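The values are calculated or read from the model by the stated rules, or taken from the named source; none is laboratory data. These figures come from a predicted structure and were not determined experimentally. Using ideal geometry, Cβ is built from the backbone for each residue, glycine included, and neighbour counts are taken over all protein chains shown.
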Amino acid sequence: MSRSSPHFFPESGIQTLDRSMLLVELVARSGNRGMTAEQLEEASGFSMATVYRMTQALKKLGLLRQLRNRGPYLLGHQLIVWGSAAGQTQHIKRAAAEPLRCLVEQFNESFFLFVPDGLNVLCLDIKDGSSPARSYARNIGSRIRHGLGQASIAILSHLGDEEYEQILSHNSISLQRNFGINRHDIDQAVSMCRHLGITGGVEGRHPPEFTGLASPILDPLGQPVAALSCSLPRHHLTETNYRSMCVWLRDQSNKIEQQLFGNNQ
């Protein structure tokens, strides 16, 4: 393998991370053969000392492995775990496709699928009615801070106490400063969602022209794997429409849970 060019792997400014990921990428490209330390030195342009130090760290993290000492490096099993998690996300998207379509047919509004993503929720899919409505999530792939919007409250409502506290301890200052959303109101909305299985989120200092509802999607242990939510103009959410939409969101969330987990739910 030839020595890497400057464009083989993008520079992010975080040198150690860049170098580590380059080594993982080189091993991944080598397939079942793997790569020895000498081959990694030649391909990466790093010194042998750097290759050794980084491959040892990557082995401890499970990102690289060796079948024998001084043998070639192969991809580690931790990557299999991560790949499985990524596949589960796609499975969630497939399971939600028909429920999202049914919701749009019933209400002719915009409906969203969100999944937890660290300090945020990630928009995994959107299905629109005749008049697309957007508040915080503008497109698929949008990330929204936990505490902002209905979907994040639905997911927060079923997180464990430790994770819940870690997330809000990190997010609370920016939510208060940028949106006028305080921790007390988030806690109240979460408590209501735990009781009702539905949430309207928390309104901040400048309520958007759109409103909405969300329902969590839970695994058999009661942990949130996703949330269904909607966005619609405020004047569309009449009392009758509100009650009907609550029922439909909960029902479609249950259908997704059944498709994902079957009788284990």
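Quick notes on this one:
- The condition (being in the same structural domain as Leu122 (by TED's automatic domain parsing) and part of a strand (DSSP E or B)) is satisfied by just one residue among Leu260, Leu249, Leu232, Leu221: Leu232.
- Top-ranked residue in the stretch 21-54 [being out of contact with any Ser or Thr (no Cβ under 9 Å at 6 or more places or on another chain) and of a type in the set (S, T, N, Q); ranked as farthest from Gly76 (Cα to Cα)]: Ser47
- Test for His236: is it surrounded by 14 or more Cβ atoms within 10 Å (Cβ to Cβ) and not hydroxyl-bearing (Ser, Thr, Tyr): yes
- Selected residue (only one of Ala227, Ala189 is closer than 23 Å to Ala133 by Cα and in a helix (DSSP H, G or I)): Ala189
- When residues of the stretch 16-32 are limited to those that are surrounded by 13 or more Cβ atoms within 10 Å (Cβ to Cβ) and of a type outside the set (A, V, I, L, M), the one nearest to Ser47 (Cα to Cα): Arg19
- Of the strands (runs of 3 or more DSSP E) lying entirely inside the stretch 63-178, not one is found with 1 or more residues being of a type in the set (Gly, Ala, Ser) and surrounded by fewer than 22 Cβ atoms within 10 Å (Cβ to Cβ).
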